[in-house]
Amino acid sequence: MRALASTLVLLAASCSSTTFTEPRFQLSPYVAVHRLTGDASAATPSSGGGPATSNAAQPLSSFGQGDRDQDLCYRFDVGDGFAGVRVDWYRLGIAGDPGNPLDDGYGAYVAGTEASMRAAMDEWRLGYVETIASKRTMLWERPLALHAGAGGVFASRDLSLTARRAGDGLVERSSFDGENVYAALRLGARWQGFALDAEYALCPDLAVAGDVDGWLHDLELRAAWALPYVDVTIFAGYRLATMEASTTDAGARRTADLQLDGWLLGVSVSF
């Protein structure tokens, strides 16, 4: 991760003549009101030392997942307000409701078991986007600036799905971690104190290390308003991301095919 971070910083310093001429620093705490959907599977280890028994993937809704919960996340930007370097710490912790009977086994659980599941994730994203096109025009006799940018994102995740069986509390925990590289495209518009941004990042099955792989998608939309006379901006947005992961624990394969979506609400302080 250090090597990739250094590469992004050097790229930022060498590729742009204007992005960092008078850099703008922004710290943005925000609340993510999110949910996790998809499915997960856990093979059942053999008691006699033989191969594990595969089980069908179970929807997370069977474990009581699907409702939204909120977490406090943080973002730090350095650049010109559109392009530049971005560091994002995204946290997720969703305690599931009581589950429904499972259609198939899940690790030590047999079909018909009822269990709840807690999902937790720490995600670090380090990205750099450079402006590749800009256009200035007028809207209602006021200047309108349109921008397009491209770059890359490095993401590191630590995800756990912890199921707890009703009755005796037997725990089945699946842990996944991974590091992936994305290509990113960002579009933005600036008018008066208002800003609209859309960023789409695609990982074409490019895993650096860990359990997360496959074609991964990450879309974020954001609207912001800069308060007059102060260096404070309020913003609201929406994020939709996918994640596929698989690992082997004690000879038993565990998988997750997940989708994260959430509303974002926060403030940015410039300095």
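Name, by its number, the condition in (1) out of contact with any Ser or Thr (no Cβ under 9 Å at 6 or more places or on another chain); (2) in contact (Cβ under 8 Å) with a residue 12 or more places away in the chain; (3) on the phi > 0 side of the Ramachandran plot that does not hold for Gly84.
Exception for Gly84: condition (1).
Hey, could you check the range 163-179 for residues that are buried (at least 16 other Cβ atoms within 10 Å of the Cβ), without any contact (Cβ under 8 Å) to a residue 60 or more places away in the chain and more than 19 Å from the chain's Cα centre (by Cα) and say which is farthest from Cys203 (Cα to Cα)? It would help to see each step written out before you state the result.
Of all residues in the range 163-179, those buried (at least 16 other Cβ atoms within 10 Å of the Cβ) come to 163-165, 172, 174, 176-179.
Next, only the ones that are without any contact (Cβ under 8 Å) to a residue 60 or more places away in the chain stay: 164-165, 177.
Okay, now just the ones that are also more than 19 Å from the chain's Cα centre (by Cα), so 164-165.
Working: Arg164: 33, Arg165: 35 Å.
Once the filter is applied, the top-ranked residue is Arg165.
For the range 61-79, how many residues are in contact with a Pro (Cβ under 9 Å, 6 or more places away or on another chain) and either of a type in the set (Ser, Thr, Tyr) or open to solvent by 70 Å² or more (accessible area, probe 1.4 Å) (or both)?
3
So that you can scan it fast, the table gives a plain yes or no per residue for (1) farther than 24 Å from Gly149 by Cα; (2) of a type in the set (Gly, Ala, Ser):
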{"position": "Gly193", "(1), (2)": "no, yes"}
{"position": "Leu196", "(1), (2)": "no, no"}
{"position": "Tyr200", "(1), (2)": "no, no"}
{"position": "Val212", "(1), (2)": "yes, no"}
{"position": "Trp225", "(1), (2)": "no, no"}
{"position": "Gly237", "(1), (2)": "no, yes"}
{"position": "Leu240", "(1), (2)": "no, no"}
{"position": "Arg253", "(1), (2)": "yes, no"}
{"position": "Leu264", "(1), (2)": "no, no"}
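Among the numbered criteria (1) without any contact (Cβ under 8 Å) to a residue 40 or more places away in the chain; (2) of a type in the set (Gly, Ala, Ser); (3) within 30 Å of Gly107 (Cα to Cα), which one does Ala256 miss?
Only one criterion in (1) without any contact (Cβ under 8 Å) to a residue 40 or more places away in the chain; (2) of a type in the set (Gly, Ala, Ser); (3) within 30 Å of Gly107 (Cα to Cα) is unmet by Ala256, namely (1).
Any residue in the range 39-52 that's in a strand (DSSP E or B): show its pairings with residues that are surrounded by 10 or more Cβ atoms within 10 Å (Cβ to Cβ) and of a type in the set (Phe, Trp, Tyr) at Cβ separation under 9 Å, as long as the two are six or more apart or on different chains.
Filtered contacts from the range 39-52: Ala40/Phe63; Ala40/Tyr106; Ser41/Tyr106; Ala42/Tyr106; Ala42/Tyr109; Thr44/Tyr106; Thr44/Tyr109.
Given the criteria farther than 20 Å from Asp218 by Cβ and within 20 Å of the chain's Cα centre (by Cα), does Gly48 qualify? If you could, list the steps in order and put the result at the bottom.
On the way: farther than 20 Å from Asp218 by Cβ: yes; within 20 Å of the chain's Cα centre (by Cα): no.
No; evaluated as a whole, the condition is false for this residue.
Yes or no, residue by residue, for (1) of a type in the set (Ser, Thr, Tyr); (2) in contact with an Asp or Glu (Cβ under 6 Å, 6 or more places away or on another chain); (3) under 16 Å from Tyr74 (Cα atoms):
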site: Leu216; (1), (2), (3): no, no, no
site: Leu219; (1), (2), (3): no, no, no
site: Ala223; (1), (2), (3): no, no, no
site: Pro228; (1), (2), (3): no, no, no
site: Asp231; (1), (2), (3): no, no, no
site: Tyr238; (1), (2), (3): yes, no, yes
site: Arg253; (1), (2), (3): no, no, no
site: Leu260; (1), (2), (3): no, no, no
site: Trp263; (1), (2), (3): no, no, yes
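Select, from Ala256, Ala207, Ala163, Ala183, the only residue that is hydrophobic (A, V, I, L, M, F, W, C) and over 30 Å from Ala52 (Cα atoms). Break it down into steps so the answer makes sense when it comes.
Numbers: Ala256 fails: over 30 Å from Ala52 (Cα atoms); Ala207 fails: over 30 Å from Ala52 (Cα atoms); Ala163 fails: over 30 Å from Ala52 (Cα atoms).
Of Ala256, Ala207, Ala163, Ala183, the one residue that is hydrophobic (A, V, I, L, M, F, W, C) and over 30 Å from Ala52 (Cα atoms) is Ala183.
On the basis of being among the aromatic types (Phe, Trp, Tyr) and at positive phi, does Tyr229 make the cut?
Values: among the aromatic types (Phe, Trp, Tyr): yes; at positive phi: yes.
Judged against the criteria, Tyr229 is a match.
The values are calculated or read from the model by the stated rules, or taken from the named source; none is laboratory data. All figures in this text were calculated on a predicted structure; none of them were measured in a lab. Positions of Cβ are generated from backbone atoms using ideal geometry, with glycine treated the same way; all protein chains shown enter the neighbour counts. To get the accessible areas, we keep the full protein, side chains included, count just its heavy atoms, and leave off ligands, DNA and RNA. Shrake-Rupley method; radii C 1.70, N 1.55, O 1.52, S 1.80 Å.
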